[in-house]
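Single-structure report; data block below.
The values are calculated or read from the model by the stated rules, or taken from the named source; none is laboratory data. Computed from a predicted structure; not experimentally measured. Here the Cβ is made from the backbone with ideal geometry for all residues, glycine too, and neighbour counts use every protein chain on show.
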Amino acid sequence: MAPMEVFIYPTAQTAADQAADKIAESLRRNPRLVLGLATGSTMEPVYARLVSLHRDTGLDFSGCRTFNLDEYVGLPPGHPNSYRYYMEQHLFRHININPSNTHLPDGMAADLEAECARYEKLMALNGGIDLQLLGIGQNGHLGFNEPLSALDSRTHVQLLSGATRAQNGPHFIPPAQMPASALTMGMGSILAARRCLLLGTGEDKAQIIAEALEGPRTNRIPASALQQHPHCIVILDQLAANHLCLPQNLLSLAQTASLRRE
Ligand code: GLP
């Protein structure tokens, strides 16, 4: 099995700070970083920290190019539930990134298949993703790659599962307004990133994190495919790590525990 490094921090805030610091370090090393981005509540403190690093230390995003994992079908960029809106609110408008370097699939495109092909081509033209930030759905989805997604899939239209509708529906008012489908990078697109960084926080992620990291690799749990990625790090808070079979003394170190698995 490919090595996977797991870091456990005492709180969601410290875990998110570490994730942001890893991104910042990559950006300082490579000012033209191609950064894959994720949405969801887990990422909000990550983006808040990146914004502070920009403001307080001058972290420079002027050469950075970003590609988001996914976008809902049928939501215009100004819709408060669209991922473009989320990214503008939480990150883009607070930093010195060139707006033309920020990319999300266009869920309003007339020809969605052509849009998926365009998005893949654009990532390739930019040299591919250097570092892909990932959250995890409660059913193990990455981006919107639902259980049973093909591991070699590229950006595609994805019909959203009942579990995902139950998880994300409450963000919509009323919940029935949630689109039935989304455009998402495929598992193949994600696994092609040179490095992946999975962030999981909170008790409600503990079970799926344990299955994804320590269970069998299966397309029933798309995130388990990260076990085969050659450069994947996982950052967790203690609550999200609670179901891992880690030696208890590692968890009780209370500060940082790291484990390299082979
Ligand atoms: C959405 C996104 C995923 C994200 C997930 C987790 O479904 N498409 O990329 O990982 O939300 O969201 P949260 O961080 O709110 O739990």
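Inspect region 143-161 for any residue being within 16 Å of the ligand (Cβ to nearest atom), assigned to a loop (DSSP other than H, G, I, E, B), β-branched (Val, Ile, Thr) and touching an Asp or Glu at 6+ places or on another chain (Cβ under 9 Å) and give the result as yes or no. Yes, region 143-161 contains a residue that is within 16 Å of the ligand (Cβ to nearest atom), assigned to a loop (DSSP other than H, G, I, E, B), β-branched (Val, Ile, Thr) and touching an Asp or Glu at 6+ places or on another chain (Cβ under 9 Å). If you go through region 200-220 and keep only what is away from the ligand (no atom under 15 Å from the Cβ) and in a loop (DSSP other than H, G, I, E, B), you end up with 215, 216, 217, 218, 219, 220. Evaluating residue 226 against the criteria (1) at pLDDT 95 or above; (2) farther than 24 Å from residue 119 by Cα; (3) assigned to a helix (DSSP H, G or I) leaves one unmet condition, (2). Those residues that are buried (at least 17 other Cβ atoms within 10 Å of the Cβ), assigned to a loop (DSSP other than H, G, I, E, B) and touching a Lys or Arg at 6+ places or on another chain (Cβ under 9 Å), I need them from region 91-127; list them, please. Residues satisfying the conditions are 95, 97, 104, 105, 106, 107. Taken together, the residues in region 105-134 that are within 16 Å of the ligand (Cβ to nearest atom), in contact with a Leu (Cβ under 6 Å, 6 or more places away or on another chain) and of a type outside the set (A, V, I, L, M, F, W, C) amount to 2. When the test is whether a residue is small (Gly, Ala, Ser) and within 13 Å of the ligand (Cβ to nearest atom), residue 137 passes it.
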